[in-house]
1. How far, in nm, would the chain grow between ASP109 and SER83 when pulled straight, counting 0.36 nm per residue and subtracting the alpha carbon separation?
2. Take the alpha carbon atoms of segment 211-256, find their center, do the same for segment 295-344, and report the distance between the two centers in whole angstrom.
3. Could you work out how far apart the two model spin labels at SER73 and ALA439 are, taking each label as a point 7 Å from the Cα in the direction of the beta carbon, and quote it in nm?
4. For segment 82-196, what does the relative contact order come out to in percent, with C-alpha contacts under 8 Å and a separation of six or more?
5. Of the listed peptides 399-412, 144-157, what is their order by residue-averaged count of other C-beta atoms within 10 Å, with the highest listed first?
6. Within the set of other residues whose C-beta is less than 15 Å from the C-beta of LEU446, count the net charge using Lys and Arg as +1 and Asp and Glu as -1.
7. Which of the following values of Cα extents along the principal axes in Å was calculated from the structure shown: (1) 69, 45, 42; (2) 79, 52, 49; (3) 57, 55, 50?
8. Can you tell me the relative contact order of the chain? Whole percent, Cα pairs under 8 Å, sequence separation 6 or more.
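Readers should treat all values here as calculations from the given coordinates under stated rules, not as data from a laboratory. Everything numeric in this text was worked out from a predicted model, so none of it was measured. Neighbour counts run over all protein chains shown; Cβ positions are idealised from the backbone, glycine included.
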Amino acid sequence: MARNLRVLFVASEAVPFAKTGGLADVVGTLPYVLKDLGADVRVLMPYYGMVKQGKIPTTLVAENLEGHLGGTSLAFDVHTPASGDHPFYFVERAEFFERSQLYGTPRGDYFDNLERFSFFSSTILPVCQNLGFQPDVIHCHDWQASLVPVYLRHRWQGADILNQAKTVLTIHNLAYQGLFAKEKFPLLGLDWSLFGLDGLEYYDQINLLKGGMVFADAITTVSVRYSEEIQIPEFGYGLDGVLRSRASSLHGILNGVDYQDWSPEKDKLIPATFSAKKIAGKAKNKAALMQAYNLNPKLEKAPILAMISRLADQKGFDLVAAVLPELLAQDLMVVILGTGEETYHRWLAQEAPKYPGKLGVKIAFDNALAHLIEAGADMFLMPSRYEPCGLNQMYSLKYGTIPIVRATGGLADTVEPADPATGTGTGFLFTDYTPEAFAGALNAALKAYKNQKQWRRLMQNAMSQDFSWERSASAYLNLYKLLVEGEE
């Protein structure tokens, strides 16, 4: 194309404004890299309470625009960051988005998530009209934005500003599909003919993600391995048949890392910077981490094993629970940071007092502490049942914090099996989802740690890996161009 591609991201979260998981890291980073590569990118997301109360002030750019919920018109305003080069726009309607959390509480999802995100999807057309922004590509993320490809085909025909747009749907986690009762279908403003096997119906329920998968021009996932896994029943969560039918339009593009934020050489949130050549600073961060979690100073030469995670079954916490007593019987420490399912909140609250000075737990989202953990820990645990991409294993590699992971999805794509004897590899992997297999990988890592010369080589291998966003952004840009030129 002679001019720069115009791309509209539609997503439910993005750093630094609002975050529950890796989706926010992608949406908060990828648009800037695409802009550096020449694309004209805008991002639309809800104006949550945490955005309004955040550190970045916003300014009103449009008011009393008209979105829809079923056949009802609902007014909304649009805000944007007041200063800096942020391509973000926030949809404000307080009854939907002025809440303490994004999607629900530890007790469960908000009862009106269908209303909230179908309304959000309906705002794309009026926002584009108001901004005078005619996208070549609308890049939608997860179930919260999956109605956009449906609306583009079935509600917005004849809207000149969108009539050339192609749609890309990125699946960050197939397990979360946006399932709702059939009785709510009229709230979507769609004809009942779309509630069928070739539309949004799924076992007599509404499935928003399925709708996006059926009608998007292209589908992407966040690693190559995951794009293959989700086409089989074990990982397909009931949608593997739909994905196999769209296999020619399904692409795996590995997420990247923002090394401006996640690099031990320039990290402003840690006590001491360090590099593969000047590794001494890592010991200072380990000391600070031990202090932050009130760990036993007598264990300073023992390894710290860390997890920063959503506390959920998917992340392998049932395996952690199974191996934890035997693990903590050894001279080592474990630190955990995260929030999630109330079951695991209670379990960790019960376990922590049993292992004073050895098990540190913080139930919270704490970005500064997350950086300290990556910088100060020796090993990072990701025993995930499945992992579409994973970011923490890539952060850990850069900080010389050796990952111990299950060989699934993006974890298998980014961590190379270590062989301490030959000095190759970057981490420790296990395949079977069992406590025994996980314990085997842990024991192999702990054995390797005892030979500090071999461990140092492993750290240097890990820190030399490059998963920067430029490679991934170029792959997305190429996909956009193929779609716009009619070659995809």
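1. Taking 0.36 nm per residue and subtracting the Cα distance, the gain is 6.0 nm.
2. If we compute the Cα centre of each part, the gap is 32 Å.
3. About 6.6 nm, to one decimal.
4. In percent, rounded to a whole number, it is 24.
5. Going by the mean number of other Cβ atoms within 10 Å, highest first, we get 399-412, 144-157.
6. Numbers: positive: LYS301, LYS358, LYS447, LYS450; negative: GLU326, ASP331, ASP378.
Summing Lys/Arg as +1 and Asp/Glu as -1 gives +1.
7. (1)
8. The value is 12 percent.
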